[in-house]
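Derivation of every value follows stated rules applied to the coordinates shown; laboratory data play no part. In this text, all values refer to a predicted model and were calculated from it rather than measured experimentally. As a convention, Cβ positions derive from the backbone with ideal geometry for all residues, glycine included, and neighbour counts pool all protein chains shown.
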Amino acid sequence: MVKEKAYAKINLFLNVLNKRPDGYHDLDMIMAPLKLHDTLTFKRNKKNQSIELSCSRKIMDQKQDNLVYKIAKSLKETFDVKKGVHIHLDKQIPMGAGLAGGSADAAATLRGLNKLWKLGLSTKELSKIGEQFGADIPFCIYNQLCIARGKGEELLFLNQKLHLNILLVTPNIEVSTKAVFKQVTESDLIEKTSHHMANAIYNKNYELILRELFNSLEKITFKLKPKVKKLKEEFKSYNLDGVLMSGSGASVFAIDKSKKKLKNMCEEIDNSYYKLITKIK
């Protein structure tokens with residue numbers, strides 16, 4: 001049996017640069033893994049050679065549509081594995097939330113089956129396989145604070161630890177990343193880079209980190225899902241140090257030196273929302 005943790009992420013900085021010929025967008029991001037995670041358990045299926053997938057809550061009508069299943073099937077076929085597997089996913093990361101939950105599960109599947117089936121693949125090789133299935137998967141393979149460029153697969157690791165108190169809140173809606181990026185126009189593109197945020201992280205400059213929090217997708221998601229905009233406005237009314245939407249939404253996170261202030265806000269926010277006080281991994 002093999003167990004793997006699949007860590008959620010937030011974007012401390014996200015800027016869309018331009019649309020690529022392959023349909024993706026070039027991005028400039030700073031991504032940080034959170035302690036919040038799903039857990040995947042991999043057991044050999046001794047009855048037959050099939051791939052079985054179970055989950056602590058319903059995530060797909062058909063297992064064939066799930067990224068975990070697709071990656072397991074691809075690995076099995078590519079490396080001619082003659083063994084079956086049962087994969088159980090204990091799902092804790094909210095879906096459609098801009099936290100890379102699906103990508104994290106996919107990355108954990110690559111790591112887990114590499115061990116279970118003794119494929120002998122390096123982390124770099126796993127990352128290259130993951131890239132074929134999703135732009136966030138390479139980051140989720142490594143789970144390290146980094147600058148991510150290209151469509152998200154070009155990683156430059158920031159060898160620093162960020163000790164930040166984070167309140168993460170996800171309203172009870174899902175946001176389609178594809179739908180958000182479809183709305184990006186040339187007028188949404190601005191010249192802003194992650195350079196200052198990276199410097200702030202290296203120098204552990206808390207005030208500059210707060211000033212450089214940025215996500216160019218916010219205005220698009222806010223139009224599509226006004227509930228997310230309302231949530232960010234509610235955050236701001238608490239006079240917290242920093243507030244930002246993660247990824248394409250729907251999650252919004254707050255940073256504050258006072259954990260007590262975050263706890264107070266957490267208690268007051270709508271109980272139908274997913275909410276958690278966490279830290280960067």
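Show which lysines lie in cross-link reach of LYS263 when reach means a straight Cα distance below 22 angstrom and same-chain residues fewer than eight apart are skipped. Partners within reach: LYS9, LYS35, LYS227, LYS229, LYS230, LYS232, LYS236, LYS275, LYS279, LYS281.
Taking every C-alpha pair closer than 8 Å and separated by at least 6 residues, the mean separation divided by the residue count of the chain gives a relative contact order of 24 percent. Evaluated on the range 86-213, the Kirkwood hydrodynamic radius is 17.0 Å, with distances taken between all distinct Cα atoms. Taking each of LYS225/LYS260; LYS204/LYS257; LYS128/LYS151 in turn, the alpha-carbon distance tops 23 angstrom for LYS225/LYS260. Computed over neighbours whose Cβ is under 13 Å from that of LYS161, the net charge equals +4, Lys and Arg +1, Asp and Glu -1. Once the dipole of the chain is set up with Lys and Arg at +1 and Asp and Glu at -1 on Cβ about the Cα centre, which of LEU156, SER258, LEU213 lies farthest towards its positive end? After comparing all options, I get SER258. If you build a Gaussian network model of the chain, linking Cα atoms that sit under 10 Å apart, which residue out of THR177, THR39, THR78 swings the most? Largest GNM mean-square fluctuation: THR78. For the range 182-235, what is the charge dipole size about the Cα centre, in debye to the nearest 20, if Lys and Arg each add +1 at the Cβ and Asp and Glu each add -1 at the Cβ? Its charge dipole is roughly 320 debye. Under the convention that each Lys and Arg Cβ holds +1 and each Asp and Glu Cβ holds -1, the size of the dipole of the range 1-130 around its Cα centre is about 660 debye.
Given the choices (1) 58, 41, 35; (2) 85, 46, 32; (3) 62, 43, 28, Cα extents along the principal axes in Å derived from the coordinates of this structure is entry (1). Per residue, the chain reaches -9500 deg cm²/dmol at 222 nm when only DSSP H runs of four or more residues are counted, each adding -39500 (n - 2.57). Of the residues VAL175, VAL228, SER122, the one whose Cα sits farthest toward the positive end of the charge dipole of the chain, with +1 on the Cβ of Lys and Arg and -1 on the Cβ of Asp and Glu, is SER122. Loop-located trypsin sites (Lys or Arg not before Pro) in the range 196-229 (DSSP state not H, G, I, E or B) with no more than 14 neighbouring Cβ atoms inside 10 Å: LYS204. Averaging the Cα positions of each part gives two centres, and for the range 203-275 and the range 53-117 these lie 30 Å apart. Taking all Cα pairs closer than 8 Å and separated by 6 or more residues, the relative contact order of the range 193-269 comes to 22 percent.
Its relative contact order, with pairs defined as Cα atoms under 8 Å and 6+ residues apart, puts the range 141-277 at 33 percent.
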